[in-house]
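Remarks on the structure that follows.
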Amino acid sequence: MARIPLISGNWKMNLNHFEAIQLVQKLSYELSGHDFGQVEVSLHPPYTDLRSIQTVIDADRMGFELGAQNCHTEASGAFTGEISPAMLAKLDVGYVIVGHSERRALFAESNEDVALKASAVFAYEMTPIVCVGETLQERESGQAANIVEAQVVGSLKSVTSQQLGDVVIAYEPVWAIGTGATASADDAQEMCAHIRTVVASIRKEASESVRIQYGGSVNPSNSTELMTMPDIDGALVGGASLQSDSFARIVNFKEA
Ligand code: PGA
């Protein structure tokens, strides 16, 4: 089955809504000939930029999918400071990152929390991008495959077997995020293949359609080698997604 690659720009806590609009306009210009049916592109700005970006995408009929970086599990209620999946869906958000390693490490999100968020995202007809990945210590002690497997199983346990094939999983080794140290294409492929086997053990058919991104210091020089690996179906890009030229080159990995 041909899986359409998904390249996602995770802007993290960067760019106010004016800067965000500028970046989207530049990107749209640089990707003017791009076939979004061949390689999908999602942009994940901070919450305060979502409405502005939605309006620009809509007005100029851009091919980008709007994305969010996180959400709460409930539709509404007394959760000061939180944003609900219902609110995101109303802004035409298509993809929501859940369980990014920064949220796991800095905001104590467990696999259980991530599983509930993934299920809440599906409930509003959006697609979760479920992040997993081992720390350097876990890799060096030979635990990487087991840790990632436990994260995949735990973070997907509230998703129905019907929904499983539509999930996007982002394999992001923690030691590669924002460090300039990328996993080798072979190591990244090996772990992504392992993740696909884990999904197959839950539901065989789902493993053929589930998309698995690699993330962690992806840049225009390493993206082609990573993206052409058989079990890598796209990238979750942090730093390099904040510059239109580098992100456009990553999106165009097939032409490199
Ligand atoms: P990076 O971030 O590309 O800056 O390493 C990736 C991520 O955290 O999703």
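Every number in this text was worked out from the coordinates using simple rules, so none of it is lab data. Worth saying up front: this structure is predicted, and the values here are computed from it rather than measured. Every residue, glycine among them, receives a Cβ derived from its backbone with ideal geometry; neighbour counts consider all protein chains shown.
Things worth noting here:
- Signed unit charges on C-beta, dipole axis of segment 6-243, positive-most listed residue G142, T80, S241: T80
- Proximal lysine pairs, the chain, alpha carbons under 25 Å, eight or more residues apart or interchain: 8
- Backbone amide hydrogens, once placed in the peptide plane, bring E134 within less than 5 Å of V174, excluding anything fewer than 5 places away on its chain.
- A viscosity of 1.306 mPa s and a temperature of 10 °C, combined with the Kirkwood radius over Cα pairs in Stokes-Einstein, give a translational diffusion coefficient for the chain of 88 µm²/s.
- Quarter of the Cα convex hull surface for segment 167-256, i.e. its orientation-mean projected area (nm²): 5.6 nm²
- Of N16, N111, N70, the one that fluctuates the most in a GNM where the chain has Cα springs shorter than 10 Å: N16
- Shape metrics for segment 43-184, restricted to C-alpha atoms - Rg then Dmax, Å: 15.8, 51
- For the chain, modelled as a GNM whose springs connect Cα atoms under 10 angstrom apart, the maximal fluctuation among S201, S101, S42 occurs at S201.
- The distance between label points at A105 and S52 comes to 2.9 nm (points 7 Å beyond Cα on the Cα→Cβ vector).
- Highest GNM mean-square fluctuation among M126, M229, M13, for the chain modelled with Cα contacts below 10 Å: M13.
- Between F18 and K204, the simple spin-label model (points 7 angstrom out along Cα→Cβ) gives 5.8 nm.
- Cα centroid separation - segment 172-224 against segment 41-103, whole Å: 23 Å
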